[in-house]
1. When all protein chains stay in place, what accessible area (Å², nearest 10, 1.4 Å probe) is found for T55?
2. Counting other Cβ atoms within 10 Å of each Cβ, which trypsin sites (Lys or Arg not before Pro) in the chain have at most 16 and sit in a DSSP loop?
3. If you count only protein heavy atoms with a 1.4 Å probe, what accessible area per residue comes out for the chain, rounded to a whole Å²?
4. Run down the lysines and flag those whose C-alpha is under 18 Å from the C-alpha of K64, throwing out any fewer than 8 positions away in its chain.
5. 7 Å from Cα along Cα→Cβ at both K51 and N77: what's the point-to-point distance in nm?
6. What span do the alpha-carbon atoms of the chain cover on each of the three principal axes, reported in whole Å from largest to smallest?
7. Could you check how much of the accessible area of the chain is carbon and sulfur, as a whole percent, using a 1.4 Å probe?
8. Multiply the residue gap between D15 and S2 by 0.36 nm, knock off their C-alpha separation, and tell me the result in nm, one decimal place.
Amino acid sequence: MSKPIIAACEPLEVDLIAGKNYAWCACGRSKKQPFCDGSHKQCDIKPVVFKADKTEKVWLCMCKHTSNHPFCDDTHNTLKDDNT
Ligand code: FES
């Protein structure tokens with residue numbers, strides 16, 4: 001099974017729009033972080049598709065190791081820079 005690549009060791013603040021669908025990149029390979037650009041086809045990780053409940057600012061996970069995807073849960077603070 002593929003491991004996600006750490007896109008960044010800090011979350012990214014994003015403005016979500018109520019009712020809009022988003023595809024959060026779970027593999028870390030997208031060039032359009034934090035969202036999927038189809039680059040996951042190189043591995044067996046799929047994006048997380050979700051609909052925004054309301055219009056709001058949120059912090060989306062960029063380390064791709066969160067347990068609360070697509071949102072940051074501070075797991076990035078426990079990771080090393082060697083992509084583990
Ligand atoms: S490019 Fe990462 S999940 Fe699609």
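The values are calculated or read from the model by the stated rules, or taken from the named source; none is laboratory data. Just so it is clear, the structure is predicted and the values come from calculations on it, not from any experiment. Cβ placement follows ideal geometry from the backbone for every residue including glycine, while neighbour counts extend to all protein chains displayed. Just the protein is used for accessible areas: all its heavy atoms, side chains included, with ligands, DNA and RNA removed. Shrake-Rupley method; radii C 1.70, N 1.55, O 1.52, S 1.80 Å.
1. 100 Å²
2. K20, K31, K32, K54, K80
3. On the way: 5230 Å² over 84 residues.
Roughly 62 Å² per residue, with all protein chains present.
4. K3, K31, K32, K41, K46, K80
5. 3.4 nm
6. Result, largest extent first: 36, 28, 19 Å.
7. Within the chain, the accessible surface is 50 percent carbon and sulfur.
8. 1.7 nm
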